[in-house]
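Structure, as structure tokens:
The values are calculated or read from the model by the stated rules, or taken from the named source; none is laboratory data. In this text, all values refer to a predicted model and were calculated from it rather than measured experimentally. FYI the Cβ positions are ideal-geometry reconstructions off the backbone, even for glycines, and counts take in every protein chain you see.
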Amino acid sequence: MANTYSHLYAMVVFAVMGRSHCLKAEFREELFKYITGIVKNKGQKLMAIGGVEDHIHILVGYQPDIALSDLVRDVKSSSTRFINDKNLVRGKFMWQRGFGAFSYSHSHIDTVVRYVLNQEEHHKVGSFKDEYLALLDKYEIKYDDKYLFEFD
């Protein structure tokens, strides 16, 4: 889009179906590189990606010519095929439906990048459930428990 200028940033969070702990460290880097490629091929900028066995975070700088939900849909569907085609997990892999998206200003990007990249360390002391609910509360997002991720 000519004469369109933007700085749009969102941290997107999504989890493995059933909160299975199947995103093993041995292949997570390969998965993250694959997801980075998906985002780049969509003409967007992946600023950081991190996660643990049951969920991931991506920080994306995106253009207004794509809906964030379309980008996340493509990331989730393509990465699901990648994981299943390479037999990286036992059984059939699926991401849970839905995602969380949280916007940030340019002045907070360095802090958010550190947060996303530090997921393994962060989750040594806190659960995904606590982290996700804290984000929803921080952003004053009203939610219905029945539509949240499946928690154990």
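Some notes on this structure:
- Check on Glu131, under 21 Å from Leu23 (Cα atoms) and of a type outside the set (S, T, N, Q): yes
- Test: residue in the range 86-95 that is in contact with a helix residue (DSSP H, G or I) (Cβ under 9 Å, 6 or more places away or on another chain), small (Gly, Ala, Ser) and either at pLDDT below 90 or closer than 18 Å to Gly18 by Cα (or both): no
- Condition met for Arg73 (closer than 22 Å to Leu136 by Cβ, under 13 Å from the mean Cα position of the chain (by Cα), of a type in the set (Lys, Arg) and modelled with pLDDT of 95 or more): yes
- Residue list for the range 109-137, filter: in contact with a strand residue (DSSP E or B) (Cβ under 9 Å, 6 or more places away or on another chain), free of Cβ contacts under 8 Å to residues at least 24 places away in the same chain and either over 17 Å from Val52 (Cβ atoms) or part of a loop (DSSP other than H, G, I, E, B) (or both): Thr111
- Selection of the range 96-122 for residues being modelled with pLDDT under 90 and either surrounded by fewer than 13 Cβ atoms within 10 Å (Cβ to Cβ) or under 15 Å from the mean Cα position of the chain (by Cα) (or both) yields an empty set.
- The listed residues are Asp145, Asp137, and the only one of them that is charged (D, E, K, R), under 17 Å from Arg19 (Cβ atoms) and exposed (fewer than 13 other Cβ atoms within 10 Å of the Cβ) turns out to be Asp145.
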